[in-house]
Amino acid sequence: MSYRELRNFTEIMRSLGYPHMISMENFRQCNFALVSDVLKWLVERYDPKAALPTDTDTEQDRVLFIKAVAEFMATKAGVKLNTKKLYRADGNVVRELLKVVGLLY
């Protein structure tokens with residue numbers, strides 16, 4: 001994760017109309033709640049009829065959610081996402097999220 005990638009991601013999300021404020025400090029540590037919220041919003045924005053698991057309370061639910069998002073983006077959008085980076089939800093996830101955001105921007 002570079003400063004430029006993080007800044008670009010936050011600016012693009014702001015211009016797309018993401019309803020919550022994303023700080024550049026949010027990705028310094030693991031923040032799965034934010035990553036799952038962003039992924040849900042991006043998938044709904046790409047395809048409003050997409051059916052994703054909504055529960056992310058347990059580890060198994062998180063894995064199912066990440067797999068569902070990665071599978072959806074691979075089949076519908078043709079974007080391959082690294083599920084390990086998505087699950088870690090740290091600074092490296094910004095590169096993966098930029099792949100999805102690039103389609104909508």
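The values are calculated or read from the model by the stated rules, or taken from the named source; none is laboratory data. All figures in this text were calculated on a predicted structure; none of them were measured in a lab. Cβ atoms come from the backbone with ideal geometry, glycine included; neighbour counts cover every protein chain shown. Protein only, heavy atoms only, side chains kept; ligands, DNA and RNA dropped before computing areas. Shrake-Rupley method; radii C 1.70, N 1.55, O 1.52, S 1.80 Å.
Give the stretch 51-82 a look and list any residue that's under 17 Å from Val35 (Cβ atoms) and among the hydrophobic types (A, V, I, L, M, F, W, C), or say none.
Leu52, Val63, Leu64, Phe65, Ile66, Ala68, Val69, Ala70, Phe72, Met73, Val79, Leu81
If you scan the stretch 83-105, which residues turn out to be in a helix (DSSP H, G or I), closer than 17 Å to Asp47 by Cα and either open to solvent by 20 Å² or more (accessible area, probe 1.4 Å) or touching a Ser or Thr at 6+ places or on another chain (Cβ under 8 Å) (or both)?
Lys99, Gly102, Leu103, Leu104
Considering only residues of the stretch 22-76 that are among the hydroxyl-bearing types (Ser, Thr, Tyr) and part of a loop (DSSP other than H, G, I, E, B), which is surrounded by the most Cβ atoms within 10 Å (Cβ to Cβ)?
This residue is Thr56.
Conditions: (1) under 14 Å from the mean Cα position of the chain (by Cα); (2) among the aliphatic types (A, V, I, L, M); (3) closer than 18 Å to Leu104 by Cα. Ala50 meets all but one. Number of the miss?
(1)
Pairs please, first residue from the stretch 17-29 and under 15 Å from Leu97 (Cα atoms), second anywhere and surrounded by 10 or more Cβ atoms within 10 Å (Cβ to Cβ) and of a type in the set (D, E, K, R), Cβ atoms under 7 Å, 6+ apart in sequence or on different chains.
What qualifies is Met24/Arg7; Phe27/Asp90.
Within the set of pairs 6 or more residues apart or between chains, which connect a residue that is assigned to a helix (DSSP H, G or I) inside the stretch 1-12 to a residue that is of a type in the set (Phe, Trp, Tyr) with Cβ atoms less than 7 Å apart?
Leu6/Phe27; Ile12/Tyr105
In this structure, is Lys80 open to solvent by 50 Å² or more (accessible area, probe 1.4 Å), over 21 Å from Gln29 (Cα atoms) and assigned to a loop (DSSP other than H, G, I, E, B)?
The answer is yes for Lys80.
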